[in-house]
């Protein structure tokens, strides 16, 4: 199996696990939602569903490209939450400030990773 395929499975499993975690720990995700976004619980659950489905679809050859573009859109959509966390470190004292800022370029890496399959 080639590296690209292995990393496709890694990304898919990461997304599925992250999506499931939205249902197991929704309050954690609600805390990182910028306050200007309406209905945070519903948005957390919706993004969890999207992550699970896109992770699964990334593994199906007929839907891999569509899933990859969906992941790109998702990573862009959740970027404001990462900015919010970096701008308000006092609300996330358990997470080192450097990690809060590291999440920002990580989104670029995730977008590039998803684009590899688009």
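None of the figures in this text is laboratory data; all of them are computed from the coordinates on show. Everything numeric in this text was worked out from a predicted model, so none of it was measured. Positions of Cβ are generated from backbone atoms using ideal geometry, with glycine treated the same way; all protein chains shown enter the neighbour counts.
Could you please find all residues in the range 21-42 being in a helix (DSSP H, G or I) and either under 18 Å from residue 88 (Cβ atoms) or touching a residue at least 60 places away in the same chain (Cβ under 8 Å) (or both)?
27, 28, 29, 30, 31, 40 - these are the residues of the range 21-42 that are in a helix (DSSP H, G or I) and either under 18 Å from residue 88 (Cβ atoms) or touching a residue at least 60 places away in the same chain (Cβ under 8 Å) (or both).
How many residues are farther than 14 Å from residue 113 by Cα and assigned to a helix (DSSP H, G or I) if we restrict to the range 2-20?
5
Can you pull out the residues in the range 6-41 that are surrounded by fewer than 11 Cβ atoms within 10 Å (Cβ to Cβ) and farther than 25 Å from residue 100 by Cβ?
Once the filter is applied, which keeps residues that are surrounded by fewer than 11 Cβ atoms within 10 Å (Cβ to Cβ) and farther than 25 Å from residue 100 by Cβ, the range 6-41 yields only 6.
Please go through the range 108-118 and give me each residue that is buried (at least 16 other Cβ atoms within 10 Å of the Cβ) and part of a helix (DSSP H, G or I), ordered by number. Even if it seems obvious, please write down each step before you answer.
Keep residues of the range 108-118 that are buried (at least 16 other Cβ atoms within 10 Å of the Cβ), which gives 110-111, 113-114, 117.
Of everything in the range 108-118, those that are buried (at least 16 other Cβ atoms within 10 Å of the Cβ) and part of a helix (DSSP H, G or I) turn out to be 110, 111, 113, 114.
Answer yes or no: is there a residue in the range 56-76 that is surrounded by 13 or more Cβ atoms within 10 Å (Cβ to Cβ), part of a loop (DSSP other than H, G, I, E, B) and over 16 Å from the mean Cα position of the chain (by Cα).
For the range 56-76, residues surrounded by 13 or more Cβ atoms within 10 Å (Cβ to Cβ), part of a loop (DSSP other than H, G, I, E, B) and over 16 Å from the mean Cα position of the chain (by Cα): present.
Does the range 82-92 contain at least one residue that is under 20 Å from residue 118 (Cβ atoms) and either in a loop (DSSP other than H, G, I, E, B) or touching a strand residue (DSSP E or B) at 6+ places or on another chain (Cβ under 9 Å) (or both)?
No, because not a single residue in the range 82-92 is under 20 Å from residue 118 (Cβ atoms) and either in a loop (DSSP other than H, G, I, E, B) or touching a strand residue (DSSP E or B) at 6+ places or on another chain (Cβ under 9 Å) (or both).
Check residue 82 against each of (1) touching a helix residue (DSSP H, G or I) at 6+ places or on another chain (Cβ under 7 Å); (2) surrounded by 15 or more Cβ atoms within 10 Å (Cβ to Cβ); (3) more than 18 Å from residue 35 (Cβ to Cβ) and name the one condition it does not meet.
Of everything listed in (1) touching a helix residue (DSSP H, G or I) at 6+ places or on another chain (Cβ under 7 Å); (2) surrounded by 15 or more Cβ atoms within 10 Å (Cβ to Cβ); (3) more than 18 Å from residue 35 (Cβ to Cβ), residue 82 misses just condition (3).
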